[in-house]
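Below is one structure, written out as structure tokens, with a few remarks after it.
The numbers here are math on the coordinates, done by the rules we state, and not lab data. Not measured: the values here are computed from a predicted model. Positions of Cβ are generated from backbone atoms using ideal geometry, with glycine treated the same way; all protein chains shown enter the neighbour counts.
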Amino acid sequence: MLTCSDLQNVNEKCSQAGVGSYLVKPVGSAELAKGLDDIGREKPAEGADSSAASERLTPHRLSILVAEDNPVNALLASKLLSKQGHQVEVATNGIQAVEKSESRTYDAILMDVQMPGMDGFEATRVIRERDSLAGRHVPIFAVTAHALNGYRELCLAAGMDGYLTKPIQSDELFGILNEI
């Protein structure tokens with residue numbers, strides 16, 4: 001989270017809101033890099049057992065394609081996944097996602113719904129047609145800022161296996177990956 005320096009009780013407010021860490025604006029490049037490196041790292045609660053954080057980890061390493069046109073969102077997702085030992089590739093639009101998934105089989109695809117060139121719905125349709133012919137099913141999870149009623153159902157109807165809202169919550173992400 002980014003915040004202004006004049007907020008009072010920032011630590012307490014962030015903790016109550018479930019925010020793991022924050023940066024005070026303006027943020028320098030070194031601070032931002034450290035903040036990104038800390039993503040996905042659990043801060044042990046007082047008296048907490050260190051094994052609790054490891055229980056969240058995906059028990060096996062996966063090959064994951066992140067289809068995301070926003071470089072910051074792509075970096076955040078990649079950092080979260082890489083820190084858990086997953087191999088990550090990024091596609092910056094739906095066309096690249098289709099091309100990358102043609103040349104390699106992934107264990108999962110995180111598909112941004114709104115991308116230039118070819119959106120996530122169309123890319124999923126193309127991938128599903130190809131997977132059907134090959135007799136396989138690669139899990140595709142929609143990633144979107146839309147949290148409107150019925151949007152989850154729209155993603156599922158388009159052939160996606162699940163739905164994550166932005167910003168991605170690590171517990172939710174690792175929960176769906178643990179099911180693969």
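Modelled spin-label separation between residue 148 and residue 103, with each label point placed 7 Å from Cα along the Cα-to-Cβ direction: 3.6 nm. Normalised Debye scattering of the stretch 84-126 at q = 0.15, 0.24, 0.26 Å⁻¹ gives log10 I(q)/I(0) of -0.33, -0.79, -0.91, counting only Cα atoms as equal scatterers and leaving out solvent. For residue 79 and residue 137, the difference between the fully extended length at 0.36 nm per residue and the C-alpha to C-alpha distance is 18.3 nm.
Highest average first, the peptides 106-118, 82-94 ordered by how many other beta carbon atoms sit within 10 Å of their residues are 106-118, 82-94. Near residue 164, the amide H atoms lying under 5 Å from its own belong to 142, 143, 144; only residues 5 or more places off or on other chains count, and H is placed 1.01 Å from N. You can think of it this way: the chain between residue 180 and residue 156 has 7.0 nm of extra reach, that is 0.36 nm per residue less the Cα-Cα gap.
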